[in-house]
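The values are calculated or read from the model by the stated rules, or taken from the named source; none is laboratory data. As the structure is a computational prediction, the values presented were derived from the model and not from experiment. Note that we place each Cβ from the backbone using ideal geometry, even for glycine, and neighbour counts take in every protein chain shown.
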Amino acid sequence: MSVFEHPEFDAHEHVAFYSDPVTGLKAIIAIHNTNLGPSLGGCRMWPYLNSSEALTDVLRLSKGMTYKAAMANLQQGGGKAVIIGDPRKQKNEAFMQAMGRFVESLSGKYITAEDSGITVDDLKAVATQTSHVAGTFAQYNALGEAPTGNPAPSTAYGVFVGLKQTVKHVLGSDLKGVKVAIQGMGHVGFRLAKQLHAEGAELYVADIFPEGLARAQEELGATVVAPEEILTLAVDVIAPCAMGSSINDESLPDIRAKIIAGAANNQLAREELGSVLHQKGIVYAPDYVINVGGIIDIYHQKQNDSSDTAMREHIAKIGDTLCEIYERAEAENTATNLVANRIAEERFAK
Ligand code: NAD
């Protein structure tokens, strides 16, 4: 298994492999870039088929974190950890403590947090061995809810600010009467809907489960639409807040909205679809720029001198970043996702 020749290797600063024979832990930490500060990124536990698959994931995800941190104006770099194994079968306190010793061995160049398969309790076990952990307790909340450590309220607030700014930029209006179709009424989608409703947007919502839909219908007067129709509606904005790759070769030709602005990660099935959207005159808010509120949240929860207001103000900067992207994309006649990548690279370059 090669590292330097790996297709996902992109001048990563440090890739570390760790095994603990006592607990059976096998993990990899990749630090992509620390020019802006120590690397931050979640720890994912997944039953990878082999270490090669885990390496691919950690190289790709850690690079993505460098771009996200740069776009969030954080003095932080990008890193990620992956644990090879089934989180339902192999995890216990000693196992996570071994992970803590691995994190500690990197002397703070990597700060770990939650990701798939890892809970706050797991992180608490990690934190017995290292102080380089984020997300074990919460003291602030962007939407005035009780702080629980769930970053979804901050993500939803960031998507709301970004969507509002995009509407202003593209349509020259506020949100009153603007038609927004939201795909996914989960933790982020519902909170986004609530904020949009408060500013007079007309909502269309879809989900594959009924709970969130019923709330949106009853509390926000949203129109419920079938999942296969939500992206095809004649609305102003579509907000993908479900799974990745919702903008793909099949769905894209049917999109009639002028704006795509939502929380889901990896919305474009392929990067090149950003250029197709640009040619069609559809303004796409790059996913890793508009959905970065959760990372800003994790960052602020670790500061002893922050506040709910400071966190909200930081998240609200997503609007300015998006405007910078749109203006450059127009001036250079190019896709917004490509401009976003370039701005991030400028920010984290030495
Ligand atoms: P969630 O699981 O709470 O909500 C997702 C919702 O989408 C669920 O209700 C699910 O039933 C629904 N869904 C799945 N497939 C669908 C389909 N085909 N059509 C319609 N609905 C469908 O997740 P979340 O925390 O709300 O996150 C939403 C998205 O935003 C995810 O892609 C996530 O990776 C991304 N994201 C979330 C955060 C965060 O802080 N939670 C941060 C950054 C990015």
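Before moving on, here are some points about what is shown:
- Given (1) away from the ligand (no atom under 16 Å from the Cβ); (2) at positive phi; (3) among the small types (Gly, Ala, Ser), index of the condition SER245 fails: (1)
- Test: THR56 is over 27 Å from PHE95 (Cα atoms) and either outside the structural domain of LEU338 (by TED's automatic domain parsing) or modelled with pLDDT under 95 (or both): no
- Candidates are the residues of region 278-317 that are of a type outside the set (S, T, N, Q) and part of a loop (DSSP other than H, G, I, E, B); the one that is nearest to the ligand (Cβ to nearest atom) is VAL292.
- The condition (being within 18 Å of the chain's Cα centre (by Cα) and within 16 Å of the ligand (Cβ to nearest atom)) is satisfied by just one residue among LEU268, LEU338, LEU252: LEU268.
- Filter pass, GLY42 being outside any loop (DSSP other than H, G, I, E, B), at pLDDT below 95 and touching a strand residue (DSSP E or B) at 6+ places or on another chain (Cβ under 6 Å): yes
- LEU171 vs. criteria under 13 Å from LYS194 (Cα atoms) and either away from the ligand (no atom under 13 Å from the Cβ) or under 15 Å from the mean Cα position of the chain (by Cα) (or both): no
- Evaluation of THR155 against (1) surrounded by fewer than 24 Cβ atoms within 10 Å (Cβ to Cβ); (2) within 11 Å of the ligand (Cβ to nearest atom); (3) more than 22 Å from ALA257 (Cα to Cα) (one fails), failing number: (1)
- Residues in region 166-191 that are in a loop (DSSP other than H, G, I, E, B) and among the hydrophobic types (A, V, I, L, M, F, W, C): LEU175, VAL178, MET185.
- When PRO227 is tested against (1) surrounded by 15 or more Cβ atoms within 10 Å (Cβ to Cβ); (2) near the ligand (Cβ under 8 Å from one of its atoms); (3) at pLDDT 95 or above, exactly one condition is not met: (1).
- Condition check for ALA181: crowded, with 22+ Cβ neighbours inside 10 Å, under 24 Å from GLU313 (Cβ atoms) and within 15 Å of the ligand (Cβ to nearest atom): no
- Residues located in region 201-224, provided they are away from the ligand (no atom under 13 Å from the Cβ) and either surrounded by 23 or more Cβ atoms within 10 Å (Cβ to Cβ) or part of a loop (DSSP other than H, G, I, E, B) (or both): ALA201, LEU203, GLY221, ALA222
- Pairs meeting the criteria (first residue in region 152-172 and closer than 19 Å to ASN73 by Cα and in contact (Cβ under 8 Å) with a residue 12 or more places away in the chain, second residue away from the ligand (no atom under 13 Å from the Cβ) and basic (Lys, Arg), beta carbons under 7 Å, at least 6 apart or on different chains) are TYR157/ARG312.
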